[in-house]
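Input: a single structure, listed below in structure tokens.
The values are calculated or read from the model by the stated rules, or taken from the named source; none is laboratory data. Being a predicted model, the structure only gives us computed values, none of them experimental. All Cβ positions, glycine included, derive from the backbone under ideal geometry; neighbour counts span all protein chains shown. We work out accessible area using only protein heavy atoms, side chains counted, and drop any ligands, DNA or RNA first. Shrake-Rupley method; radii C 1.70, N 1.55, O 1.52, S 1.80 Å.
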Amino acid sequence: MTIERRVTEVFDFYRDFHNLPRFLGDVVASEQIGPATFRWTIQGPLGVRLGSTVRLVEERANELLRYATTVPAGMRTQWTVRFGPGPEPDRTEVHEVLRTPFGALGRIALTLIGKPPAAEVAANLRRLKQLLETGEVTDTAHAVAGKFERTAVSDHRHPD
């Protein structure tokens with residue numbers, strides 16, 4: 001995804017995990033509980049809310065964020081988000097890879113319950129782009145029903 005903002009702006013915005021509920025489709029809250037640990041509230045199917053503890057496991061300023069749930073190794077969900085200069089000045093390329101528990105079987109199971117990982121990652125990146133470029137999220141694909149309807153964002157945490 002190419003975002004029309006400088007790498008430092010995009011990285012800093014994404015790195016502040018308090019911002020994640022503003023564009024992730026099913027994360028409705030993020031609370032910092034340690035130096036690199038956050039408690040997410042996720043709204044699942046049928047309105048069920050679940051808690052998940054996520055830890056930032058690797059960070060390279062303006063290049064990479066890697067984070068994972070804190071459950072046993074075989075059960076972890078892991079995200080790798082890479083940031084780099086875009087094709088033109090003041091643009092950033094963002095690439096995200098999501099690894100689900102149980103590999104292909106886990107991806108199939110998520111798809112069967114209406115949460116296809118690749119489509120969710122793409123929708124989340126589109127919302128990040130919208131939020132950083134326009135201050136508003138209009139893409140509701142693969143998001144909790146009603147979460148992004150008419151949610152103009154007036155309190156950006158990134159410089160204009």
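Annotations for the structure displayed:
- Here Arg6, Arg39, Arg49, Arg55 are screened, and the one residue that is over 18 Å from Ala122 (Cβ atoms), touching a Phe, Trp or Tyr at 6+ places or on another chain (Cβ under 7 Å) and open to solvent by 20 Å² or more (accessible area, probe 1.4 Å) is Arg55.
- Residue in segment 107-117 that is assigned to a loop (DSSP other than H, G, I, E, B), modelled with pLDDT under 85, open to solvent by 50 Å² or more (accessible area, probe 1.4 Å) and on the phi < 0 side of the Ramachandran plot present: yes
- A count restricted to segment 9-29 and to residues that are free of Cβ contacts under 8 Å to residues at least 24 places away in the same chain and surrounded by 16 or more Cβ atoms within 10 Å (Cβ to Cβ) stands at 3.
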